[in-house]
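The values are calculated or read from the model by the stated rules, or taken from the named source; none is laboratory data. Since the structure is predicted, the reported quantities are computational estimates derived from the model, not experimental observations. Counting neighbours? That spans all protein chains shown, and the Cβs are built from the backbone with ideal geometry, glycine included. In case anyone asks, the SASA skips ligands and DNA or RNA and just uses the protein heavy atoms, side chains included. Shrake-Rupley method; radii C 1.70, N 1.55, O 1.52, S 1.80 Å.
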Amino acid sequence: MNIRIGNGYDIHKLGTGRRLILGGVDIPHEVGLIGHSDADVLTHAIMDAMLGALSLGDIGHYFPPDDAKWAGADSLVLLRQVNELVRSRGWQIGNIDSVIVAERPKLKPHITTMRDRLCATLELKPDCVGIKATTNEKLGPVGREEGIAAYAVALLVSN
Ligand code: MG
């Protein structure tokens, strides 16, 4: 069995008039993440981890932010495409682990739904996707609620 590991990071600014979508889940909050797509930082970090494991570049290469085609894009649709790319190279996901860093809102009630949505998109069992949420202890831009960040690692396997 061959294995590969990749890591991904993303951060988006928070602003009014935007939805807060994390892991494909629409989370009620007075502000949302600003971006060209739906700005789902968790899904973006996961995609970069998957691409990184195979040295396939980053999501900006496949879904350029200046391409009108991806305006308002559902990041789960992009995730499915990245997974197809990984599979086409003969690899599949062993597991993913991730951390969302957000001062507010409380994400705990939404973690299981995020996991289920990501697992459904990637056709993975629930125990193959880890999602944790932490605050930044009020430190820095995330602590001041100027943005939300996410980190992910992906292990890919091939036979
Ligand atoms: Mg992003």
**Prompt:** Between Ile3, Ile34, Gly15, whose Cα lies farthest towards the positive end of the dipole of segment 3-158 when Lys and Arg beta carbons carry +1 and Asp and Glu beta carbons carry -1, centred on the Cα centre?
**Reply:** Ile3
**Message:** With every protein chain kept in place and ligands, DNA and RNA left out, what is the accessible area per residue of the chain? Probe 1.4 Å, answer in Å².
**Reply:** 51
**Asked** From the phi of every residue in segment 8-25, what ³J(HN,Hα) in whole Hz does the Karplus formula 6.51 cos²θ - 1.76 cosθ + 1.60 yield, where θ is phi - 60° and glycine or proline is x?
**Response** x, 9, 8, 9, 10, 6, 9, x, 6, x, 10, 7, 9, 10, 10, x, x, 10
**Request:** Report the label-to-label distance for Lys132 and Glu146 in nanometres (one decimal), using points 7 Å from each Cα along the Cα→Cβ vector.
**Result:** 2.6
**Using a Förster distance of 30 Å, the FRET efficiency for Ala120-Thr16 (Cβ separation, nearest 0.05)** = 0.45
**Request:** Could you count how many Lys pairs in the chain have their Cα atoms under 19 Å apart, skipping same-chain pairs fewer than 8 positions apart?
**Result:** 6
**Prompt:** So for the pair Leu85, Arg104, with labels modelled 7 Å out along Cα→Cβ, what separation do we get in nm?
**Reply:** 3.7
**Message:** Modelling each spin label as a point 7 Å along the Cα-to-Cβ direction, I'd like the Ile5/Ser55 distance in nm, to one decimal.
**Reply:** 1.8
